[in-house]
Every structure is written in C-alpha cells, then in structure tokens.
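Student: I'd like to ask some things about the structure below.
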Amino acid sequence: MMERKGVAAMKGRSLTLLGPELEEGDRAPQFTCTDIKLNEYTLDNTRGKVRLIASVPSLDTSVCSKETLRWGDEAENFDNPEIAWLVVSMDLPFAQKRFLEDEDVRGLTIVSDYKSASFGENWGVLVKDLRLLMRAVFVVDKNNVIRHVEYVRDMGEFPDFDAALKVVRDLTEREKKAAA
C-alpha cells in the first residue's frame, strides 16, 4: 500500500495517508462501504449522477458534524435528483443513523468504511496511525471522472465548500445544456 507521509496533519502532528493521491481527470476508484441499513454501498449506487463525496474523520467531532450538516443543507438547496451527496466516515452505521435522525439531515447519504477501509485506501484518505479518514472532498461526474479534488491538509479545518459547489453547479448546468 502506497504511503504518503507529511501530507496531512492533526493539531500540528504530521500524519501518513495510505493510498494514491487522486487528481482531477482520474477515474473514480471503486469502493465498498456499509450504509445505515447495513447494506453494501458502492460507487455504482450512484451511477449516472454527479456526485459530491466528502470524507470526514468522525461525525462525533464538531468540525465533521458541522461540515456534514453543511453538505446536507447544500443538498436540500440544490434539490436536484441528478446529484448524489455522500459523506464517508469510519463511524459505525448505527452512529451514522443516529446522527442523521438527531440532526434531521435529508438529501444526504452517509456510509461507513469501517469494515475494509476500501474507500480510504482507494481514494487516498486513510490515516495510517489513526485508522480514520482524512477530511477530503471529491466531485465525480456522471462518467466516473473526478472533476474536483481537495485533500484538506489539517484534519481540524473545513474544506473549501464554494470551490466544490461551483464544480457541482457547472457539471449540472453543462448536463442541462447538453440535454436541451
């Protein structure tokens, strides 16, 4: 497994990420996670849609919960069935379900990578020392091509929401024009 040392940090402590550093234009790697109903969830679950995929360390932290709530709000604001909004963490599906219910989050799917860490390893966000996912945001088009990548350097910081949302907006507007 490829190791990327010093590309991430938590409270000033350098972290090692496992997996490749994905770039815009790369094919989106497959993964197998578990949804809140304990069903298998893969990239194919959202085939044919524009996808915003955010990885977070844990929904039980303030930055992760605020980020996830923001993506939920954006999903509701966009209100477009051609966009899939996905948050991936290592939290157990039971905790993820409780979070969704307690916070009344809609329009957003949260899945767990706790079993095999295949998302973390394949998307280059698995923190070796902690077995948590690093904060990152990816936008994938309908053809499984990555159009936006942000690996957030410090685990305690928010991603650039506006940059990711602009790519989502541009992709969906391009699709509307192509269909017209």
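The values are calculated or read from the model by the stated rules, or taken from the named source; none is laboratory data. As the structure is a computational prediction, the values presented were derived from the model and not from experiment. Note: ideal-geometry Cβ built from the backbone for every residue, glycine included; neighbour counts use all protein chains shown.
Student: Tell me whether region 10-20 contains one or more residues that are within 25 Å of ARG174 (Cβ to Cβ), outside any helix (DSSP H, G or I) and aliphatic (A, V, I, L, M). Full working, then the answer.
Tutor: Restricting attention to region 10-20, the residues satisfying the condition of being within 25 Å of ARG174 (Cβ to Cβ) are none.
Among the residues of region 10-20, not one is within 25 Å of ARG174 (Cβ to Cβ), outside any helix (DSSP H, G or I) and aliphatic (A, V, I, L, M), which makes the answer no.
Student: Restricting the first residue to region 26-50 and requiring it to be assigned to a strand (DSSP E or B), which pairs with a second residue that is modelled with pLDDT under 95 and among the β-branched types (Val, Ile, Thr) meet a Cβ separation below 7 Å and a spacing of at least six or different chains?
Tutor: That search, which allows pairs on different chains as well, returns VAL50/THR172.
Student: Let me ask another. In region 155-180, which residues are modelled with pLDDT of 95 or more, touching a strand residue (DSSP E or B) at 6+ places or on another chain (Cβ under 8 Å) and among the charged types (D, E, K, R)?
Tutor: ASP160
Student: Has region 63-78 got at least one residue that is free of Cβ contacts under 8 Å to residues at least 60 places away in the same chain, at negative phi, assigned to a loop (DSSP other than H, G, I, E, B) and within 15 Å of the chain's Cα centre (by Cα)?
Tutor: Looking for residues that are free of Cβ contacts under 8 Å to residues at least 60 places away in the same chain, at negative phi, assigned to a loop (DSSP other than H, G, I, E, B) and within 15 Å of the chain's Cα centre (by Cα), one finds none in region 63-78, hence no.
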